[in-house]
Amino acid sequence: MPVDPRLKAPCPATSNGSAWSAFEFIVDLVLADPTNRTRLSNSQRDLLAFFELRQAINSGGLDSYFRYHGEDGDRVAAAALAIAGPNLHQFCSDAVALLGSSYPEDPSERESRLEPMEDQLDDLDRRYYELEAEETVDDDADTWVWERRADFFGDSPA
């Protein structure tokens, strides 16, 4: 099913920075109307999930992500594999597994599980920062978005 044109950003001239451009547009859509999240394409949801993880870790660590954004752990792990490759996929899988085999959707339950895990979360945060420094995440994300630009952007530039 084609993506609603109102859910697409203006198409940039090149792929450089296209992932962040698409992410920022999607965030604005969801902030303006939270029901837009359900109207996003699978590619848009994957980018949103993975970039929300990246921002949350860089803002407050995995603790912050799990407390406030972590309701879609399986999607973010799968998105990490598709967008950024096996190392970040493994990181995301390990992080989600830390909360147990039944990933709690309820924020209060996640919070109660997080309390005793502070040291493990700090270790995972350090691992993430090392991966971000070693990997070409932004370039990989730009390539991934550009290959699916029909899901993210309106008409291509001439």
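Taking the Cα centre of segment 5-158 as origin and assigning +1 to Lys and Arg Cβ atoms and -1 to Asp and Glu Cβ atoms, the resulting dipole is close to 760 debye. Each label point was placed 7 Å from the Cα along the Cα-to-Cβ direction; for ALA32 and GLN120 their separation is 4.1 nm.
Taking the number of Cβ atoms within 10 Å of each Cβ as an exposure proxy, the fewest-first ranking of GLU115, GLU109 is GLU115, GLU109. Label positions at ASP106 and GLU135, each projected 7 Å from the Cα along the C-beta direction, are separated by 3.2 nm.
Between the entries (i) 54, 35, 24; (ii) 62, 28, 28; (iii) 37, 31, 25, the label attached to Cα extents along the principal axes in Å calculated for this structure is (i).
Computed over neighbours whose Cβ is under 13 Å from that of CYS11, the net charge equals +1, Lys and Arg +1, Asp and Glu -1.
Measuring nothing but how far apart in sequence close Cα pairs (under 8 Å, 6+ apart) lie, relative to its length, the chain scores a relative contact order of 37 percent.
At full extension, ASP94 and ASP4 could sit 28.9 nm farther apart than now, given 0.36 nm per residue minus the alpha carbon distance.
Values quoted throughout were computed directly from the atomic coordinates according to the rules given, and no laboratory measurement underlies them. Only a predicted model underlies this, so the values are computations on that prediction, with no experimental measurement involved. Cβ coordinates were reconstructed from backbone atoms using ideal geometry, including for glycine residues, and neighbour counts include every protein chain displayed.
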